[in-house]
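Notes follow the structure.
The values are calculated or read from the model by the stated rules, or taken from the named source; none is laboratory data. All values reported here derive from a predicted model rather than from experimental measurement. Here the Cβ is made from the backbone with ideal geometry for all residues, glycine too, and neighbour counts use every protein chain on show.
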Amino acid sequence: MKRHWLSATIAGAAIALLLGSTAFAAIQEEAVSYKDGDTVMKGFIVYDDASSAKRPGVIVVHEWWGVTKHIHTVARKLASEGYTAFIADMFGDGKTADNPKDAGALAGSVSKNPSAMVSRFSAAKDTLARHATTDASKISAMGYCFGGSVVLDMARAGLDLKGVAAFHASLEPAAAPAAAGKVKSRILVQNGGADPFIKPASIVAFKEEMAAANVDYRYLVYPGAVHAFTNPEATEKGKQFNLPLAYDAQADQQSAIEAAKFLHSVM
């Protein structure tokens, strides 16, 4: 009886020691101010401090609303999967919008100025690359809606990215289309089959553009899914502003699985 009690005590102490050694290991999310020229950008670096090893980095680019809860959730998930995620600020000074008019103006200020888009994205990429947890030779990008279009344009611009994954993204290039030998990234696009913002002609043109440039890409469609299908807040936003936005749990889950496989394959 005494021996049994002693064994249990030792086992309990060992478990307590083990738990104690990992009690402080957690996903860390740090606000980061960085600059694009004279413009102050406000992003976030997100990583799991359970490991001190360098790991691949993923730049996460927000929707036209700016950085939202959804984007923070995406970054934390990436961190839990072994990446260092960087939430980029494409609008400057952490600007956000709570209505389509302001969101459109913010997004347009970037998409209509392709050189500023490249410069702001590159500032985020450089900041991520310098972080102590990041393997600077292995950086990819992921974007949603406006952000999806941004990462596609960064691939077209020839930035050194292992891969870009775009969700419910417009497909037309903001500047020059993809050119043979210029695109360094593999590309994954995942759009809703019922998204009225994605015209059939633009899908055809995108596929022809990718083929002509000999880009390694996949284009996946989720039947019945509309715009912003990965964002749990999309349905409420759609109702509030009478827009074709809606969350689709099945499409969200499957697209996340595909993105995880994609990132694993390119990194």
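Assorted remarks:
- Test: residue 211 is closer than 17 Å to residue 74 by Cα, aliphatic (A, V, I, L, M) and at pLDDT 95 or above: no
- Leading residue by the ranking (nearest to residue 255 (Cα to Cα)) among those in segment 74-112 that are among the hydrophobic types (A, V, I, L, M, F, W, C), touching a residue at least 12 places away in the same chain (Cβ under 8 Å) and part of a helix (DSSP H, G or I): 74
- Taking (1) touching a residue at least 40 places away in the same chain (Cβ under 8 Å); (2) surrounded by fewer than 17 Cβ atoms within 10 Å (Cβ to Cβ); (3) of a type in the set (A, V, I, L, M); (4) in contact with a strand residue (DSSP E or B) (Cβ under 7 Å, 6 or more places away or on another chain) in turn, residue 243 satisfies each apart from (4).
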